[in-house]
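Peer 1: There's a structure below that I have some questions on.
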Amino acid sequence: MMRTALYATVVVWLLGACSMGPGEPAEDQRGDGTDTIELAEFPDRPYWGDTHLHTDISVDAFGFGVRLGAEEALKFARGDKVTATTGMEAQLDRPLDFLVISDHSDAMGATRRLYDAPRMLVRDPTLRRWYDMMHESPEQSTRAVAELITAAANDEIPEALRDPARQAAATRELWDTHLAMLDRYNRPGEFTAFAGFEWTLMPDGNNLHRVVMFRDGSVKTGQVVPFPGLDTTPEQLWDYMEAYEANTGGRVLAIPHNSNLSNGLMFDLVGPDGGAMGADYARRRARYEPVVEATQIKGDSETHPFLSPNDEFAAFGVAGWELGNLPLTRRSTPDMYAGSYVRSALLRGLTLEQQMGVNPYAFGLIGSTDSHTALATGDEDNFFGKHTGSEPHAERALAAQNLGTREGRFGWHYLAGGYAAAWARGNTRAEIFDAFMRREVYATTGPRMVLRLFAGFDFAEDDWDGDWVRAGYMRGVPMGGDLEDSGRAPIFLISALKDPDGANLDRVQVIKGWVDANGQAQERVYDVAWSDMDGERRRIGGKVPAVGDTVVRREATYENSIGAAELRATWRDPDYRPGQRAFYYVRAIEIPTPSWVLFDARRFGFDLPPEVVEANVIQERAYSSPVWLRPRRGPGDAPRIMDEG
C-alpha cells in the first residue's frame, strides 16, 4: 500500500514537473496579450517586425537547403546569435519586436519527409529524381526545388506528393508543434510571436500569394490548420478566415505580396469570373486584406517607371522582376503593370469606389523579407540571401537566380528585404495586429526610419511646438485613416527621423492619387521637405536638385555629410478640389548608400561590372500607409469597412 502511494506521488510529481518545466509558456504567453502589460495612451513608437519568413518545413525552403526551424528563427529575430545552415554565425545588430513565421501551407514538411525517406520507398520517378538531386549537392537540391515550383505553376505536382490524407495528418502534427513553440517565445511587452502561414495560389505561375496572420494564441489557432493555396481561390481563403473568426472569436488577416510578379492579376479591375467586380467581393477583400507587402527580397512593388513616368524615384527594385511572373514561365507586358503595382492599385480602388461605393484596394503598406533561410534580416551589410543557396559567398551576386527558366534574373537583382513597422500602444499580439487592421503601419526597405503622418483640416506650423502627436490623434487621423471631406484642403503633419544607425535623409515626399472631374485617375509626387532646402538645394524649375553621393563603391562606405537627420513638414494640398476622392501617402528617401552587392564585393574581394556597381548605389526608403480623403457621407449611407471593425 505504501509502495502504491509512493508510486502515485512520484507520477504526480513527474506530471507536474512536465507541465511546469523549463520552456513551458505561462498563461499570458498563450493568448493575444490583452491585459498583460500597461499600454501607452496613444501608439507611441513603431514596433519592428517581419511578417514573411520561411523555415525548414516550407516545401521550397527545405529543398533550397535550409535546416533551421522555427526555434532558430525566433531566437534570431529576438536578437540571439544562431548558426546559419551553411555554418556561419548570424545575428541582428538590433532585435526585432515581432515575427510571423509564414511557412507554405501546401505540402508542409513534404520535402523534408521526402529527403528523410528510404530511397527504396520513393517509387514515383519524378520524386525519386528530386530525391537524388536533393542528396547529390546543394546546387542540385536548389534545381530540384526550381523544378518543383515550375511543376506547381503548371499543375504537374506528382500525386504522391499531394496525398491529401497523409498531408493533412502531417500538417496537423507540424502545426500543433509550431503553435506550442510560438507560445513559448511569445513574451508580452518584449517580443511577439504570431501564428501565420503562406497561402500560395499561383495560376500559370502568376503570383497571387498571401501571408495569413492570426491575432490569437494556440487555444484558438489550434482549432484550425493552414488553408491550402493550390487549387483554391481567394474567396475560399476568405471563407476559411470568416469561419475561423465565427467559430473561435479570434481575428485573422491576409497580406498579398509580390504583386510585381502577378502579371497584372493581383489588383484586377474585374471580378473573379472576368465580369464586373461586385460590391460584395470588394467588401470582403477590403475586410480581410487591410495591408499589402509593398517591398521585399523579390523586388519592390510600389510603382513602375512605365506607370509613373514623372516620378524620378519610381525604378527602385524593379530591374529583373519586371520581366515576368515568379518562375518566368510567362513574360510581362506593360499593359499588365497597372494590375501589378501598389500605387496603380490604390488608384484603381478610387475608381472602383466611385463606381460601386466600395474600395477593394484601400490597403496599408508594409515591407518584409520573404527570406527562406529562417533568418529575418533586411540589412544591406547583413544579408543572408533569399535562400540557403544564396547565403554569403563570392559567386551569389552575379549568379543566375531566377526560378524555372534560368534567364534574365541574377543575384544582384535581389533586394536585402524589408521590414514592417507598426504604430502600437504596446508589444502584444493584440496591439500589433490591431495596428495592422487599422492600417497604422508602414513599409521600409530595411532601414528603421521613424515615420509619422497625421491628416486633418486645422493643423498649423505651431503644432510642432507642443504635443503634436496628441494633436494629431485628437484633431486628425493617423496614417491608414479616413478623412471626410470638409470643403477645405487637408493639412498634413509629416515627420521623418533617420535610422539612428543608418543614413541621413534626402527628402520626404507626398504621393497623391485622385479621380478627376472626368473620372480619370491621376497621380502626382510632391517634394515637401528635404535637406538644405533653404540653402544650395533650392528648387530649380520646380525640381529639387539631387542630394549628392558620398558612396565609395570599392569600400562599400558612405558619409552622413549630406542629407538631414530629421525632416518635418506641415503640408497643405495645393491641388485640392471640394468633393475630390483622393489618397495621400508619404515616401521618405535616404541619401545614396551601398547595397549588399557592394558589401559582398568588398568582403570577398571581386570586381563587378560597372553597370552592376552603379545599379547598387541605392536610395532606401519608407512608405507610409495612405490617408484617404472621401466625400462627406449622407445620413443614410452604409458604414465603411473601417467603421465595421
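Peer 1: Could you tell me whether THR388 is within 25 Å of ARG210 (Cβ to Cβ), at pLDDT below 95 and of a type in the set (Val, Ile, Thr)? Please lay out each step first, then the result.
Peer 2: Values: within 25 Å of ARG210 (Cβ to Cβ): yes; at pLDDT below 95: yes; of a type in the set (Val, Ile, Thr): yes.
For THR388, the condition - within 25 Å of ARG210 (Cβ to Cβ), at pLDDT below 95 and of a type in the set (Val, Ile, Thr) - is met.
Peer 1: Now, a different point. Could you say whether any residue in the stretch 223-231 is more than 20 Å from GLY109 (Cβ to Cβ) and open to solvent by 20 Å² or more (accessible area, probe 1.4 Å)?
Peer 2: yes
Peer 1: Consider the stretch 376-426. How many of its residues are under 23 Å from VAL292 (Cβ atoms) and outside any loop (DSSP other than H, G, I, E, B)?
Peer 2: Number of matching residues: 7.
Peer 1: On to the next question. Among the residues of the stretch 560-588, write down those that are closer than 18 Å to PRO447 by Cα and outside any loop (DSSP other than H, G, I, E, B).
Peer 2: Selection gives ALA564, GLU566, LEU567, VAL586, ARG587, ALA588.
Peer 1: So, one more: How many residues are crowded, with 20+ Cβ neighbours inside 10 Å and over 27 Å from LEU352 (Cβ atoms) when one looks only at the stretch 321-339?
Peer 2: Counting residues in the stretch 321-339 that are crowded, with 20+ Cβ neighbours inside 10 Å and over 27 Å from LEU352 (Cβ atoms) gives 2.
Peer 1: Which ones in the stretch 97-111 are crowded, with 22+ Cβ neighbours inside 10 Å and not acidic (Asp, Glu)?
Peer 2: Of everything in the stretch 97-111, those that are crowded, with 22+ Cβ neighbours inside 10 Å and not acidic (Asp, Glu) turn out to be PHE98, LEU99, VAL100, ILE101, SER102, HIS104, SER105, ALA107, MET108, ALA110, THR111.
Peer 1: Checking GLY189 against (1) touching a strand residue (DSSP E or B) at 6+ places or on another chain (Cβ under 7 Å); (2) of a type outside the set (Val, Ile, Thr); (3) outside any helix (DSSP H, G or I), only one condition comes out false. Which one?
Peer 2: (1)
Peer 1: Out of the residues in the stretch 342-375 that are assigned to a loop (DSSP other than H, G, I, E, B) and in contact with an Asp or Glu (Cβ under 7 Å, 6 or more places away or on another chain), which is farthest from LEU99 (Cα to Cα)?
Peer 2: Looking only at the stretch 342-375, we keep the residues that are assigned to a loop (DSSP other than H, G, I, E, B), and these are 357-363, 368-370, 372-375.
Of the ones still in play, those that are also in contact with an Asp or Glu (Cβ under 7 Å, 6 or more places away or on another chain) are 359, 363, 368-369, 372-374.
Working: ASN359: 29, PHE363: 21, SER368: 10, THR369: 11, HIS372: 14, THR373: 14, ALA374: 11 Å.
That would be ASN359.
Peer 1: Got at least one residue in the stretch 259-274 being farther than 23 Å from GLY317 by Cβ, open to solvent by 20 Å² or more (accessible area, probe 1.4 Å) and in contact (Cβ under 8 Å) with a residue 40 or more places away in the chain?
Peer 2: yes
Peer 1: Let me confirm something: among TYR585, TYR576, which residue is out of contact with any Asp or Glu (no Cβ under 6 Å at 6 or more places or on another chain), of a type outside the set (Val, Ile, Thr) and open to solvent by less than 10 Å² (accessible area, probe 1.4 Å)?
Peer 2: None of the other options fit; the residue is TYR585.
Peer 1: Got a sec? Which of GLU136, GLU72, GLU89 is more than 28 Å from MET213 (Cβ to Cβ), in contact with a strand residue (DSSP E or B) (Cβ under 9 Å, 6 or more places away or on another chain) and either in contact (Cβ under 8 Å) with a residue 60 or more places away in the chain or open to solvent by 70 Å² or more (accessible area, probe 1.4 Å) (or both)?
Peer 2: On the way: GLU136 fails: in contact with a strand residue (DSSP E or B) (Cβ under 9 Å, 6 or more places away or on another chain); GLU72 fails: more than 28 Å from MET213 (Cβ to Cβ).
The conditions single out GLU89.
The values are calculated or read from the model by the stated rules, or taken from the named source; none is laboratory data. Here the structure is a predicted model, which means the values were calculated and not measured. Positions of Cβ are generated from backbone atoms using ideal geometry, with glycine treated the same way; all protein chains shown enter the neighbour counts. The protein model used for the area step is the full one, side chains on, heavy atoms only, and it has no ligands, DNA or RNA in it. Shrake-Rupley method; radii C 1.70, N 1.55, O 1.52, S 1.80 Å.
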